[in-house]
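Working notes for the structure below.
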2 protein chains.
Amino acid sequence: MKWTDLPDEDCSVARSVAVIGDRWTLMILRDLFLGVRRFEAFERRLGISRSIIADRLKKLVDEGVLRRDAYQENPVRHEYRLTNKGLALHPVMMAIVHWGDVHRAGAAGAPLIHRHKACGCDFAPVMSCSECGDRITARDVEVRARPR
Amino acid sequence: MKWTDLPDEDCSVARSVAVIGDRWTLMILRDLFLGVRRFEAFERRLGISRSIIADRLKKLVDEGVLRRDAYQENPVRHEYRLTNKGLALHPVMMAIVHWGDVHRAGAAGAPLIHRHKACGCDFAPVMSCSECGDRITARDVEVRARPR
DNA sequence: TTGACTCAGTTCGGATTCAAGACTTAGTTA
DNA sequence: TAACTAAGTCTTGAATCCGAACTGAGTCAA
């Protein structure tokens, strides 16, 4: 298998990874969730080459994860915003941040704090069951193929 | 910035991405969560070159995500198992699967079904607040830097 | 005891991708 | 007229990827 075959696999991981399974794509998504929208801001924050940023943004737009909107005319300038499909990646980002906070933070601890606006608490993201609401760990889940 | 600098960034996303931000690493982790443990099985399932598998497995072992255990002597053969640090990636995988199920599945729908053993229901993974238990979306979260 | 087979890798080398820096375009400000 | 801004594109050497072949340590069948 080549990675170009990933989108055609009958597996949701493969199909997702085809979109987000790239270092810089994930870093750009991080910044998007922090409110960054302009090309130049990505460049300044990430310090990577413009060609990589242009390429990744274009792919995300093609996938429907981002929308490219004009924010001024003369000259026309665009900004990149998460679509609903892109916003739906929030649990993925939260899970990645949380794992990094717990398992890869230095002595200084987590660099960022997340506050839940509704309850006012600083929180950790928890994966739970849509049906009963209980917290879910790897051992609680039984996987089987969906009957066709 | 080069990607080799990612582990040193003061950002949990960057530090996590340095470990899991790679297509084949994510595909290997998928199989690990499905119970695959042996080199030959990864090769058969993924159909990619042995050198990639060997490289990714070694990196995951170095990072403490996997443990390399002997399962027989004469000749000695090893298998790869998720450590607790690796099992902690479960929410990341579930979030990725779920996004793929919802936003990238074909007409046939999600290929796999997840059942919560405790409540017996087929479920979707939901990201919720560790403090109040409510479901969390991107708009519910306020991010700020942790004071030093 | 020769040959085929298994599992778990390593090595090699050509093709692909990455990524820094220079260049482009279109308009603005000094 | 020159410098500046935002958002890219182009070029080119370097790094990485990855398929194919090879290695090694043992088993099994004839």
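The values are calculated or read from the model by the stated rules, or taken from the named source; none is laboratory data. Since the structure is predicted, the reported quantities are computational estimates derived from the model, not experimental observations. Reconstructed Cβ throughout: ideal geometry from the backbone, glycine too, with neighbour counts over all protein chains shown. Accessible surface areas use protein heavy atoms only, side chains included; no ligands, DNA or RNA. Shrake-Rupley method; radii C 1.70, N 1.55, O 1.52, S 1.80 Å.
Below, the figures for the structure above:
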{"item": "Selection within the range A:5-22 - assigned to a helix (DSSP H, G or I) and buried (at least 20 other Cβ atoms within 10 Å of the Cβ)", "result": "A:Leu6, A:Ser12, A:Val13, A:Ala14, A:Arg15, A:Ser16, A:Val17, A:Ala18, A:Val19, A:Ile20"}
{"item": "Residue count for the range A:20-34, restricted to those that are within 12 Å of DNA strand C (Cβ to nearest atom) and more than 9 Å from every other protein chain (Cβ to nearest Cβ)", "result": "1"}
{"item": "B:Lys2 vs. criteria closer than 21 Å to A:Lys2 by Cα, open to solvent by 40 Å² or more (accessible area, probe 1.4 Å) and either under 15 Å from the mean Cα position of the chain (by Cα) or near DNA strand C (Cβ under 9 Å from one of its atoms) (or both)", "result": "no"}
{"item": "Scan of the range A:44-73 for residues that are more than 9 Å from DNA strand C (Cβ to nearest atom) and acidic (Asp, Glu), ordered by number", "result": "A:Asp62, A:Glu63, A:Asp69"}
{"item": "Residue that is touching a Gly at 6+ places or on another chain (Cβ under 7 Å) and hydrophobic (A, V, I, L, M, F, W, C), where the choices are B:Met1, B:Met27, B:Met93", "result": "B:Met1"}
{"item": "Residue list for the range B:40-58, filter: near DNA strand D (Cβ under 10 Å from one of its atoms) and within 14 Å of the chain's Cα centre (by Cα)", "result": "B:Arg56"}
{"item": "Of the criteria (1) away from chain A (no Cβ under 14 Å); (2) within 16 Å of DNA strand D (Cβ to nearest atom); (3) closer than 25 Å to B:Leu112 by Cα; (4) in a loop (DSSP other than H, G, I, E, B), which one B:Arg37 fails", "result": "(2)"}
